[in-house]
Amino acid sequence: MARRQGPGPWWHGAIGYQIYIRSFADSNADGIGDLTGIRGRLGYLVDLGVDFVWITPFYPSPMADWGYDVADYCDIDPRFGTLADFDDLIVDAHRRGLRILVDLVPNHSSDAHPWFQDALTGPDSDYRDYYVWADPDSDGGPPNNWIAYFGGPAWTLDQASGQYYMHLFLPEQPDLNWRNPSVVDEFDRILRFWLERGVDGFRIDVAGALVKDDRLRSNPQVGPWDPIAGRAKQWLAFDHRHDVFQPESHQVFRRWRAICDEYDAYLLGETYHRDPQGLADLVPGDGMHGGFWFEPMHVDWDVDELRRALAAPVDLLGERLLWATGSHDVPRSPSRFGGGDLGRERTLALNVLISCLPGVPVLYQGEELGLVDGRVPPGAVLDPVESGRDGCRTPMPWEPGPGTGFTTGEPWLYSDRRADDETAQAQVNRPGSWHSRYTDLLAARRDLPDLVNEPVVWTDGGDGPVISYRRGPVTVVANTSGHAHQAEIPVDGAVAYATPGVVAADAGHLSIAAHGAAILVTPS
Ligand code: GLC
Ligand code: CA
């Protein structure tokens, strides 16, 4: 494999790219992105300069949660292709020096999974204990007060047995019982199945919630719970000390770490903990290699908030961090940060700031085109979740025209046609395009000296609109304000990367356009 730098693991210094498979590239005109479609776009990814891709679930699934409801962990849904297509994709990707990570969904299966179907036959089923079952409360209601992350109670009654089963997400996504050693064994086999096929790692869905409280105790309520309030509000009405982040999950990660290390595979988590110490507890170093820090997806465009979101986890986690400003679960950053070119400039500035911090940045497909959310008219919404995640999941605009080069059929998710200049075809190799700005950023980062052992020193004094830090010979600076700004920071290096409007004003000072950002390197 190409591009291993330094003595550390291959992901030190790497950049990832998240592929939302349904919407990336469709090879057979059924309107659904697929594995062969990805294979046809490997050249694009290599030219962009990413080192690995993480592909969202492609397993057989009833698609109640668009693939995050898995009915068979060791196969491919026919809509996405076949195992042979997967093998071909791996071979081609590796030939081009690109690594492939798959999305593992261990917290819950689909209710259509044979394990759950068997469990439904009754308490004597060999698979009953693969899931979390409990008798009703004394009043006949759910066994405790846990609620689902997608809203409503976390328990659904199975009429036949009179018991409830638990689900942190949809009722079609029953939670697996990670206190059952058979479940643990099954997943050891599942990991090895994919590793033997050549995958380079796993993104663990809902990592941290696997093991539940052994006594299924109710969570303390910390605010009023309104059953018709939005799901975030419902969730925050409780102190989630018994349903998620149980320390026993760590034993599972340690086990998977040992397996992954045999294959030099990268184990990273969807570690949705908004407190940096909580994240550090989830990823202490001997389990998952890394975990996502989610604040950049939530932060408002406010310099103090940005500073905090960037600095908070750095000293605690270092290279164990993963950074992303977007995903298939949240509005695209350019939309969140003001829309249009304003949002695009801000998102790029944030990506420049992230680019030299410890850890691994991951771009979400289309971020390199500066995409804002696609517009999905109310009648076309497909996401089962109330907040609506369709806008960030609309098809990738490859080229102008109907189907935008994503499909020659009808896209699975309807959205208003993208403008021609949003497409890859219009942007690739065009100086000044968003795609060029991102490609240049990735190229500049690749050419920097190895920063792994360099601490981060914040150099902006903690106030004013400019955020900057130094790491060894590298200085990174961004102007978060809407006005040009003269940065009062010691800048003595050569410009390795700059967005438009960044100029060296005089010795030691930099004039930075509104929302501009730059990377400078001091010659050694
Ligand atoms: C993760 C996924 C999300 C999914 C949920 C349930 O948060 O990113 O898309 O709905 O897990 O599996
Ligand atoms: Ca297809």
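Within the range 348-378, restricting attention to residues that are of a type in the set (S, T, N, Q) and assigned to a helix (DSSP H, G or I), which residue is farthest from Ile519 (Cα to Cα)? If you could, list the steps in order and put the result at the bottom.
So in the range 348-378, the residues of a type in the set (S, T, N, Q) come out as 351, 355, 365.
Filter once more, so that each one left must be assigned to a helix (DSSP H, G or I): 351, 355.
On the way: Asn351: 11, Ser355: 9 Å.
For the range 348-378, the residue satisfying everything is Asn351.
What number of residues within the range 420-458 are touching a Phe, Trp or Tyr at 6+ places or on another chain (Cβ under 7 Å) and open to solvent by less than 40 Å² (accessible area, probe 1.4 Å)?
Total meeting the criteria: 6.
How do the pairs read when you match residues in the range 106-132 that are assigned to a helix (DSSP H, G or I) with residues anywhere that are open to solvent by less than 60 Å² (accessible area, probe 1.4 Å) and among the β-branched types (Val, Ile, Thr), using Cβ under 9 Å and keeping only pairs 6 or more apart or on different chains?
As it stands, the answer is Trp115/Val183; Asp129/Val183; Tyr130/Val183, since those pairs meet every condition given.
Taking Arg320, is it basic (Lys, Arg), within 16 Å of ligand 2 (Cβ to nearest atom) and modelled with pLDDT of 95 or more?
No; evaluated as a whole, the condition is false for this residue.
For (1) more than 16 Å from ligand 1 (Cβ to nearest atom); (2) not assigned by TED's automatic domain parsing to the domain that holds Gly67, each residue gets a yes or a no:
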position: Pro136; (1), (2): yes, yes
position: Gly151; (1), (2): no, yes
position: Ala154; (1), (2): no, yes
position: Leu176; (1), (2): no, yes
position: Arg192; (1), (2): yes, no
position: Gly208; (1), (2): no, no
position: Gly223; (1), (2): yes, no
position: Ala229; (1), (2): yes, no
position: Ala232; (1), (2): no, no
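Let me confirm something: among Val102, Val91, Val46, which residue is under 16 Å from Arg203 (Cβ atoms) and either more than 16 Å from ligand 2 (Cβ to nearest atom) or not hydrophobic (A, V, I, L, M, F, W, C) (or both)?
When all the criteria are applied, what remains is Val102.
Only residues that are touching a helix residue (DSSP H, G or I) at 6+ places or on another chain (Cβ under 6 Å) and at positive phi: list them for the range 140-199, please.
Hits for the range 140-199 are Gly151, Gly198.
Do we have any residue at all in the range 313-328 that's surrounded by fewer than 18 Cβ atoms within 10 Å (Cβ to Cβ) and within 25 Å of Phe169 (Cβ to Cβ)?
Taking every residue of the range 313-328 in turn, none turns out to be surrounded by fewer than 18 Cβ atoms within 10 Å (Cβ to Cβ) and within 25 Å of Phe169 (Cβ to Cβ).
Can you name the residue in the range 342-380 that is free of Cβ contacts under 8 Å to residues at least 24 places away in the same chain and open to solvent by 10 Å² or more (accessible area, probe 1.4 Å) and is also farthest from ligand 2 (Cβ to nearest atom) among such residues?
Per the stated criteria, the residue is Pro378.
Determine, yes or no, whether Ser61 is more than 30 Å from Ser249 (Cβ to Cβ) and either among the hydroxyl-bearing types (Ser, Thr, Tyr) or away from ligand 2 (no atom under 16 Å from the Cβ) (or both).
Values: more than 30 Å from Ser249 (Cβ to Cβ): no; either among the hydroxyl-bearing types (Ser, Thr, Tyr) or away from ligand 2 (no atom under 16 Å from the Cβ) (or both): yes.
Criteria not met by Ser61.
Yes/no matrix, rows are residues, columns are (1) surrounded by fewer than 19 Cβ atoms within 10 Å (Cβ to Cβ); (2) part of a loop (DSSP other than H, G, I, E, B):
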site	(1), (2)
Pro7	yes, yes
Trp10	no, yes
Ile38	no, no
Val46	yes, no
Trp54	no, no
Cys74	yes, yes
Asp87	yes, no
Ile90	no, no
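Those residues that are under 26 Å from Pro331 (Cα atoms), in contact (Cβ under 8 Å) with a residue 60 or more places away in the chain and open to solvent by less than 10 Å² (accessible area, probe 1.4 Å), I need them from the range 268-291; list them, please.
Within the range 268-291, Leu268, Gly269, Thr271, Gly290, Gly291 qualify.
State which residue is modelled with the lowest pLDDT when the search covers only the range 474-524 and only residues that are of a type outside the set (Gly, Ala, Ser), open to solvent by 50 Å² or more (accessible area, probe 1.4 Å) and in contact with a Gly (Cβ under 9 Å, 6 or more places away or on another chain). Outline the logic, then answer.
The initial filter retains those residues of the range 474-524 that are of a type outside the set (Gly, Ala, Ser), namely 474-477, 479-480, 483, 485-486, 488-492, 495, 497, 499-500, 502-503, 506, 509-510, 512, 515, 519-523.
Still in the list and also open to solvent by 50 Å² or more (accessible area, probe 1.4 Å): 483, 485-486, 488, 490, 492, 495, 500, 503, 506, 509, 523.
Then drop every residue that is not in contact with a Gly (Cβ under 9 Å, 6 or more places away or on another chain), which leaves 485, 488, 490, 492, 500, 523.
Numbers: His485: 92, Glu488: 73, Pro490: 62, Asp492: 69, Pro500: 93, Pro523: 79.
Per the stated criteria, the residue is Pro490.
Just the residues that are more than 10 Å from ligand 2 (Cβ to nearest atom) and either farther than 19 Å from Leu98 by Cα or outside the structural domain of Ala93 (by TED's automatic domain parsing) (or both), please, taken from the range 20-43.
Ser23
Does any residue of the range 73-80 turn out to be touching a helix residue (DSSP H, G or I) at 6+ places or on another chain (Cβ under 9 Å) and within 14 Å of ligand 1 (Cβ to nearest atom)?
The answer is yes, given that some residue of the range 73-80 is touching a helix residue (DSSP H, G or I) at 6+ places or on another chain (Cβ under 9 Å) and within 14 Å of ligand 1 (Cβ to nearest atom).
Can you find, within the range 297-312, the residue that is most open to solvent (accessible area, probe 1.4 Å) among those that are in contact with a helix residue (DSSP H, G or I) (Cβ under 6 Å, 6 or more places away or on another chain) and without any contact (Cβ under 8 Å) to a residue 60 or more places away in the chain?
Ala312
Please work out if Ala265 is touching a residue at least 12 places away in the same chain (Cβ under 8 Å) and either of a type in the set (Gly, Ala, Ser) or surrounded by fewer than 16 Cβ atoms within 10 Å (Cβ to Cβ) (or both).
Against the criterion (touching a residue at least 12 places away in the same chain (Cβ under 8 Å) and either of a type in the set (Gly, Ala, Ser) or surrounded by fewer than 16 Cβ atoms within 10 Å (Cβ to Cβ) (or both)), Ala265 qualifies.
The values are calculated or read from the model by the stated rules, or taken from the named source; none is laboratory data. Owing to the predicted nature of the structure, the values given are computational and were not obtained by experimental measurement. For neighbour counting, all protein chains shown are included, and Cβ atoms are generated from backbone atoms with ideal geometry for every residue, glycine included. These area figures cover heavy atoms from the full protein model, side chains too; ligands, DNA and RNA do not enter into them. Shrake-Rupley method; radii C 1.70, N 1.55, O 1.52, S 1.80 Å.
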